[in-house]
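S.K.: Okay, here's the structure, questions in a sec.
The values are calculated or read from the model by the stated rules, or taken from the named source; none is laboratory data. Keep in mind that this is a model prediction, so the values were computed, not measured. FYI the Cβ positions are ideal-geometry reconstructions off the backbone, even for glycines, and counts take in every protein chain you see.
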Amino acid sequence: MKMIDYLEKDRDNVMNGLRTASTPADAQKILEKETDRLLLQYNEDCTSVRMRDAAAGMVQALRSSVPLLDTMGEPRVWHRDGGSGNAACRSAGKNLSHILLGIGIVLTVAAFAVPALTAGGTAAVGALMKGILLPIAGGGCMYFAGKSSAADTRIGIGSTQNTGPGSAGVPAQRIEITIDPEKLWSSLRGAVMVIDRNLEIAGEEEKYERQKELSAAVGAKGISAEEIELFSGLLEMADADSPQMAADIRYYLHKKDVDVLSWSAQNAAWFEMLPSMPGRIPASKSDSSLEDTVMTIRPALAQNGRLLKKGTAVR
């Protein structure tokens, strides 16, 4: 499998982690952890030491470049200013809040002084003013004073305000940068696709060099009887256990002009046929319909139409 296949399997986990990341540093840690996971999965499936070394170098380079990825999403500017009015309006608002606050305090204090102020009047009037009217009036004035004061300051989200020398006031600002998961995923996916392409090139180079080494080892066209016996036995084992080794042996023999043949109706005479399984009806070797039912256990070796080593097959 390619690294991009491993990455696509992890898409949901990576995206969920990026969506919950509160800072670019948190998002970078998630991507670094994912690159380590990709390399681990690739090494578990890759059998070539050279390819694993190449993958390790490229993934390490990607991991080191993660902090350079653009993580910025929508910028948010939190600002505190004096409202939408000018300086004179803000000053008038402050004065109004102070006046209302003073009236509220006076009325509240007066609620406790009513018995002295209304000593010559009826007790009912004093009780009414003390118990209901004055507290309500005082509380209302203080409420509007607080609301007026709060209206002078607001916090909102918007673009950066003018804070130059000619501005009416200098607002306090706090800038937050959100994380863009889709942008980060796209960047990571593109980098992994480049790694896969480089690994393909490395694999092709490794295959070419292996064939070149085999060609150099072959040398002369001749092949000895000892080599025939050796490679015949190796092919029988390699076809079952190591397809890559079997392919290398076939390439070596091809350079020696030795044909590696599987059983067919045309070359059936070059094979030793093992006894049929119980219950099977033996058929003629010349019957071409047997080609799908006969399994080659050990291929036959021939050179220029001459049999070098008989093969083995079974129905």
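S.K.: Output the qualifying pairs, or none if there are none: Cβ atoms under 7 angstrom, residues six or more apart or on different chains, first residue in the range 190-206 and under 12 Å from ASP5 (Cβ atoms), second residue modelled with pLDDT of 90 or more and of a type in the set (Val, Ile, Thr).
M.R.: VAL192/ILE4; MET193/ILE4; ASP196/ILE4
S.K.: Hey, can you tell me all the residues within the range 13-28 that are more than 11 Å from PRO181 (Cα to Cα), of a type outside the set (Ser, Thr, Tyr) and surrounded by fewer than 14 Cβ atoms within 10 Å (Cβ to Cβ)?
M.R.: ASN13, ALA25
S.K.: Another question about this same structure. Looking at ASP26, ASP12, ASP36, ASP53 in this structure, which one is in the same structural domain as LEU184 (by TED's automatic domain parsing), under 15 Å from ASN198 (Cα atoms), acidic (Asp, Glu) and part of a helix (DSSP H, G or I)?
M.R.: Details: ASP26 fails: under 15 Å from ASN198 (Cα atoms); ASP12 fails: under 15 Å from ASN198 (Cα atoms); ASP36 fails: under 15 Å from ASN198 (Cα atoms).
Only one candidate passes the filter, namely ASP53.
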